[in-house]
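The values are calculated or read from the model by the stated rules, or taken from the named source; none is laboratory data. Treat the numbers as computed from the prediction; the structure is a model and nothing was measured. Ideal geometry is used to build each Cβ from the backbone, glycine not excepted, and the neighbour counts take in all protein chains shown. Areas reflect the complete protein model, heavy atoms only, side chains present, ligands, DNA and RNA absent. Shrake-Rupley method; radii C 1.70, N 1.55, O 1.52, S 1.80 Å.
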Amino acid sequence: MTDSHNSGQHKDREAAAAEVRRMWQPTPSWTQPDPNPAPTTPPPPPPAQKPPVSSQATPDPEEVEEEAVEEEQPDALSQEFPGDSWSQPAETPTATPDPWTQQPAAEPAADAWSSQSSAEPVARSKEPAADPWSKSAGYEPTGEAWTRSSEPAGDPWTQPAQEPGQPAGPQLSPAAQHFFPQGIPGQGAPPPDRQVSYRADELLQALPLPREAPAEKGVRSVLRLRPGTSERLERIARATAATAFRRPVTVTIANPKGGSGKTPTTLLLAGALGQARGGGVVAWDNNELRGNMHLRTHDTNSRSTVTDLLQAMQMLTQPDARLGDVGAYLRHQVSGQYDVLTSATTTYAQIEAKDFDQIHRLLSRFYKVLVIDTGNNEGSSNWREAMKASDVLVIPIKWKSLSCAAAVQMLEELDHQGPDAQRLIRRAVIAVSNGPGDVNKEVEKQLRPYFESRAAAVVDIPTDPHIAAEGPLDHSALQPATRRAALELAAKVAEQITIALNVPR
């Protein structure tokens, strides 16, 4: 008996390794030359009565006799794993017949693995042991014996092609399954086809979100870090102010008290919206007689006023009229990216309701956001038309008795004008803009809760020397805190406009 039969565990491992090597061959074929040719000359063909039990080059007569004795009296271990033919030098296919390619019918003795049914145990058979690696992989241990397969198993290399419904990949023998319970790595069944959706909304949602841009201010910008809380809130406010509305919108700034900060608040809001939106904003001085917006803006390209615009209304309302035609009567403010329509500078050209309607329709054709500054007369027709056309109301105040009293009286008057006016009050934004020495702490303590309860929001604009100088308002000359407050005011206004657009007018 050879040394390979001394240890059953060693033969199990050798057989499993041989099985894996056979499985990993890409395109096995017995007609191809063996990749590891035998170093010695091919042995003579074995007797025709039985296939060779060993692939040794020059078998010794004593070894042949010893193998014959082993075939007559095999033990259980040799019956299970007779010999490791893979550990011996390979034979040349033309020199000797390969037991793998011989038909089972040509063998004199029946195959111990395929001749009997699965219910018959194997018990010290006198038949010569065949190679178990070419037989079926199905088995079931029952005590000390093995149950045989009920169907004959031929050479796996000579079997027909795999049926389409059968699982892909090679099957392991029982011994190989013992050492590779998970199967050969990389030889598992292919994953099932995943249903791929090509709907645009699902594909867009599956895209990764863009990374947040690094900070643009302070030390964080130098170190290319994420923005801090203050800068992140500023970005959110800018994005809110840039909301795309589905139609042109109108914002009206009103307080009957003169000197309450209507014109500076109008320019601050128009500039913040224009910078956030990239243009498309016009500030309109709707004073019925003479406003002062022409004194608080830069005379860039025109000295025309609303009176000149009304005289050219027939030409500007033609279907082929362009934005450049209307822009010839407006002032463009470069730093705030918005245009300005100033009021009449003479007393003989009073603006009425019909004039307001014509100008409002014209500006709504070419601009997305109209910010209207009003006069001090609540009884004038153009003042009332501005309230009717408003989507959001902005009330500028100072923490002074007269400024706050006029705003309270205006709110009470609007509260009696019907449901539309009441909704306008609920969407109102209070803009507190105090000049030097304008703050009365006692007035603020008493009236701040009132405005917070009546309006949607209260925004405090800090005192700025550039605004207090009462000259042309340049947004690039404002302090950073003032620009942030103006942007916050624009964001609050945009939020209320969004709410107003969801309510049918």
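Out of all the residues in the range 448-460, is one or more in a loop (DSSP other than H, G, I, E, B) and within 19 Å of residue 254 (Cβ to Cβ)?
Yes, that holds for at least one residue.
Got a sec? Which of 325, 299, 320 is without any contact (Cβ under 8 Å) to a residue 24 or more places away in the chain, farther than 15 Å from residue 364 by Cα and not aliphatic (A, V, I, L, M)?
Working: 325 fails: farther than 15 Å from residue 364 by Cα; 299 fails: without any contact (Cβ under 8 Å) to a residue 24 or more places away in the chain.
Only one candidate passes the filter, namely 320.
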(request) Look through the range 445-476, keep the residues that are touching a helix residue (DSSP H, G or I) at 6+ places or on another chain (Cβ under 9 Å) and charged (D, E, K, R), and return whichever of them is surrounded by the fewest Cβ atoms within 10 Å (Cβ to Cβ). (result) 470
(message) Filter the range 318-365 down to the residues that are among the polar types (S, T, N, Q) and over 46 Å from the mean Cα position of the chain (by Cα) and list them by number.
(response) 318, 342, 343, 345, 346, 347, 350, 358
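A quick yes/no check of all residues on (1) open to solvent by 10 Å² or more (accessible area, probe 1.4 Å); (2) modelled with pLDDT under 95; (3) of a type outside the set (Val, Ile, Thr); (4) in contact with a strand residue (DSSP E or B) (Cβ under 6 Å, 6 or more places away or on another chain):
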position	(1), (2), (3), (4)
256	yes, yes, yes, no
260	no, yes, yes, yes
269	no, no, yes, yes
277	yes, no, yes, no
283	no, no, yes, yes
290	yes, yes, yes, no
293	no, yes, yes, yes
(request) Determine which member of the set 427, 423, 384 is within 20 Å of residue 495 (Cβ to Cβ) and surrounded by fewer than 19 Cβ atoms within 10 Å (Cβ to Cβ). (result) 423
(message) Just the residues that are open to solvent by less than 10 Å² (accessible area, probe 1.4 Å) and either modelled with pLDDT of 95 or more or assigned to a strand (DSSP E or B) (or both), please, taken from the range 492-505.
(response) 493, 494, 497
(request) Provide a single number: the residues in the range 323-350 that are open to solvent by 10 Å² or more (accessible area, probe 1.4 Å) and not in a strand (DSSP E or B). (result) 15
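Can you tell me how many residues within the range 328-347 are touching a residue at least 40 places away in the same chain (Cβ under 8 Å) and more than 21 Å from residue 357 (Cβ to Cβ)? Let's see the steps before the verdict.
First, pick out the residues of the range 328-347 that are touching a residue at least 40 places away in the same chain (Cβ under 8 Å): 330, 333, 335-347.
Now restrict to residues that are more than 21 Å from residue 357 (Cβ to Cβ): 333, 335-338, 345-347.
Qualifying residue count, the range 328-347: 8.
Return yes or no: is residue 483 outside any loop (DSSP other than H, G, I, E, B) and open to solvent by less than 70 Å² (accessible area, probe 1.4 Å)? Spell out how you get there, then give the answer.
On the way: outside any loop (DSSP other than H, G, I, E, B): yes; open to solvent by less than 70 Å² (accessible area, probe 1.4 Å): no.
When the stated conditions are applied, residue 483 does not pass them.
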(message) What's the number of the only condition in (1) within 19 Å of residue 463 (Cα to Cα); (2) buried (at least 19 other Cβ atoms within 10 Å of the Cβ) that residue 401 fails to meet?
(response) (2)
(request) Identify the single condition in (1) assigned to a loop (DSSP other than H, G, I, E, B); (2) within 23 Å of residue 259 (Cβ to Cβ); (3) open to solvent by 70 Å² or more (accessible area, probe 1.4 Å) that residue 320 does not satisfy, given that it satisfies every other one. (result) (2)
(request) With a cut-off of at least 2 residues that are within 21 Å of residue 390 (Cα to Cα) and in contact with a Lys or Arg (Cβ under 8 Å, 6 or more places away or on another chain), name the helices (runs of 4 or more DSSP H) lying wholly within the range 201-311. (result) 262-277
